[in-house]
1. Roll a 1.4 Å probe over the protein chains and send me the accessible area per residue for the chain in Å².
2. Of all accessible surface on segment 161-232 at a 1.4 Å probe, what whole percent is carbon and sulfur?
3. Two decimals, Cα atoms only, Kirkwood Rh: what is Rg/Rh over segment 200-280?
4. Using Cα atoms only, what is the angle between the long axis of helix 100-114 and the major principal axis of the chain, expressed in degrees (0 to 90) to the nearest 10?
5. Would you kindly compute the Cα radius of gyration of segment 16-171 and its largest Cα-Cα separation (Dmax), both in Å?
6. At a Cα cut-off below 30 Å, give the lysines reachable from Lys218, other chains included and same-chain residues fewer than 8 away excluded.
7. Could I have the simple spin-label model distance between Lys168 and Ala37, label points 7 Å from Cα toward Cβ, reported in nm to one decimal?
8. Mind pulling the angle between the C-alpha long axis of helix 181-197 and the longest principal axis of the chain? Nearest 10 degrees, somewhere in 0 to 90.
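The values are calculated or read from the model by the stated rules, or taken from the named source; none is laboratory data. Computed from a predicted model, the values in this text were never measured in an experiment. Here the Cβ positions follow ideal geometry from the backbone for every residue, glycine too, while neighbour counts run over all protein chains shown. Surface accessibility is based on the protein's heavy atoms, side chains included, excluding ligands, DNA and RNA. Shrake-Rupley method; radii C 1.70, N 1.55, O 1.52, S 1.80 Å.
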Amino acid sequence: MNIPQPCYISASRRTDIPRFFADQFFAARKTGAIIYAGPYGGSYTVSLRAQDVLGYVFWSKDYGPFIAHPDFTGLIKNNNAVFHFTINDCPQLEPQVAALRDRIQTLERLCDLVGPQRVIWRYDPFCKFIGTDGQVLTNEDGFYRVAPQVAKVGVHRCVFSFMSLYNKTRRRQVEFAAFTEEEQRRICKSISAAAQDFKIDLFNCCNPEVLGFGLGIKQAHCVDEELLAATDRFGVHPKSKLKLTPTRAGCGCYQSRDIGAYNPACKHGCLYCYAHPEIK
């Protein structure tokens, strides 16, 4: 994809740069460019010079190491940035992710540093799976435990999705199953009621059928033209609207350049993750 510069940098849909590759990211910013391995081979170089970057869209399950890095303060002082923070609560599916209480504390620190208006909570994805005793389980209950804690720190945007069953995720130690549309509808109705109680706006990523349930759930734009414009502190957001550049069916993302790589793989080890080919 030919992305004109200056552009927004996405870091990253493919791996957790803030958690596992913070040192490499900040070192690349100092040199002015980052090199990453392409998903289909080859390598790519992307400029991180100030004049070539409109801002950053970060994605992580744990911003602890990132916000503790000595260069983080300078990053947010001199750059636009928004932060996707995935906070689920199902250790069975996320064996290497930090405890929920630790991630909530990290969320509080992040919001203190950047402002909650720049933070998006992701409950992503909702999963249906078969337990060791053969019982059909979901991770839905975690949403209701996390929502009040997220709202308490002032975050009022939630992006969610229902798990996509890729071939590689069918070969994991947990057997996943697809939600029926009726199951999706029931969950959406329930989480919509909870979200309303906590004044949280719900956005769905890549499940177009959800938008037709009549529950006020909106199309997610994870790289969001409106949010990026509203949080622009330096007057650099383009006057002409960014182009929609979806990465898959149902995606509502606007134009950005993702600088992550699938290899080396993310170390969270989440069993539902489509980006990690090595989990068994």
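1. Normalised by residue count, the accessible surface of the chain is 48 Å².
2. On the way: 1740 of 3800 Å².
Whole-percent figure for carbon plus sulfur exposure: 46.
3. Answer for segment 200-280: 1.04.
4. 30
5. When restricted to the Cα atoms of segment 16-171, Rg and Dmax are 17.5, 56 Å.
6. Within the straight-line cut-off, Lys218 pairs with Lys61, Lys128, Lys152, Lys168, Lys189, Lys199, Lys239, Lys241, Lys243.
7. 1.1
8. Relative to the chain, helix 181-197 is tipped by roughly 60 degrees.
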